[in-house]
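To start, the structure itself, in structure tokens.
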């Protein structure tokens, strides 16, 4: 994986440490380990939880389960979640793109623990979460 550029949703980098995300991951990782699945839980679980935070807030605020009522609320409010602030435009898309472009580097062997800290992955974009620059040419990143 050294040198590979990929899209991720969350990484354990200082720029991604929003309130509640570490506590969520501790609990998720313990349950996942007991079930023998998804030992890191970085890709989808934080966003799945954030989606429920958003929906829960919308239902509580509107006191409704009506799709139209919830959609209007979702399109008109920003939400503080464990993956940061999220807002939706009139078309339902995020107002700011959230996928992360990352590059893996310095990976040695098969030890999963090396992915629990940001030492083997650099966030390249978007700028507000960036932790470093692309290593290129590709052969330099493979070392």
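The values are calculated or read from the model by the stated rules, or taken from the named source; none is laboratory data. If you're wondering where the values come from, they're calculated on a predicted model, not measured in any experiment. Positions of Cβ are backbone-derived with ideal geometry, glycine not excepted, and every protein chain shown enters the neighbour counts.
Can you tell me which of (1) touching a helix residue (DSSP H, G or I) at 6+ places or on another chain (Cβ under 9 Å); (2) assigned to a loop (DSSP other than H, G, I, E, B) is the one residue 58 doesn't meet?
Of everything listed in (1) touching a helix residue (DSSP H, G or I) at 6+ places or on another chain (Cβ under 9 Å); (2) assigned to a loop (DSSP other than H, G, I, E, B), residue 58 misses just condition (2).
Taking residue 93 as the residue in question, decide whether it is surrounded by fewer than 12 Cβ atoms within 10 Å (Cβ to Cβ) and closer than 19 Å to residue 22 by Cβ.
no
Go through the stretch 100-129 and give me each residue that's outside any helix (DSSP H, G or I), free of Cβ contacts under 8 Å to residues at least 40 places away in the same chain and in contact with a helix residue (DSSP H, G or I) (Cβ under 9 Å, 6 or more places away or on another chain).
108
Could you count how many residues in the stretch 86-115 are within 30 Å of residue 33 (Cβ to Cβ) and under 14 Å from the mean Cα position of the chain (by Cα)?
Residues flagged as within 30 Å of residue 33 (Cβ to Cβ) and under 14 Å from the mean Cα position of the chain (by Cα) within the stretch 86-115 amount to 6.
Give just the number: which of (1) more than 18 Å from residue 8 (Cα to Cα); (2) loosely packed, with under 15 Cβ neighbours inside 10 Å does residue 43 not satisfy?
All conditions pass for residue 43, except number (1).
Checking the conditions here, which among 49, 28, 73 is touching a helix residue (DSSP H, G or I) at 6+ places or on another chain (Cβ under 6 Å), in a helix (DSSP H, G or I) and closer than 27 Å to residue 1 by Cα?
Criteria check complete, one pass: 28.
When you look at residue 90, is it in contact with a helix residue (DSSP H, G or I) (Cβ under 8 Å, 6 or more places away or on another chain), assigned to a loop (DSSP other than H, G, I, E, B) and either at pLDDT below 95 or within 30 Å of residue 29 (Cα to Cα) (or both), yes or no?
Spelling it out, residue 90 is indeed in contact with a helix residue (DSSP H, G or I) (Cβ under 8 Å, 6 or more places away or on another chain), assigned to a loop (DSSP other than H, G, I, E, B) and either at pLDDT below 95 or within 30 Å of residue 29 (Cα to Cα) (or both).
Mind checking which residues of the stretch 66-80 are surrounded by 14 or more Cβ atoms within 10 Å (Cβ to Cβ) and farther than 16 Å from residue 91 by Cβ?
69, 79, 80
Can you find a residue that is in a helix (DSSP H, G or I), within 10 Å of the chain's Cα centre (by Cα) and buried (at least 16 other Cβ atoms within 10 Å of the Cβ) anywhere in the stretch 10-24?
yes
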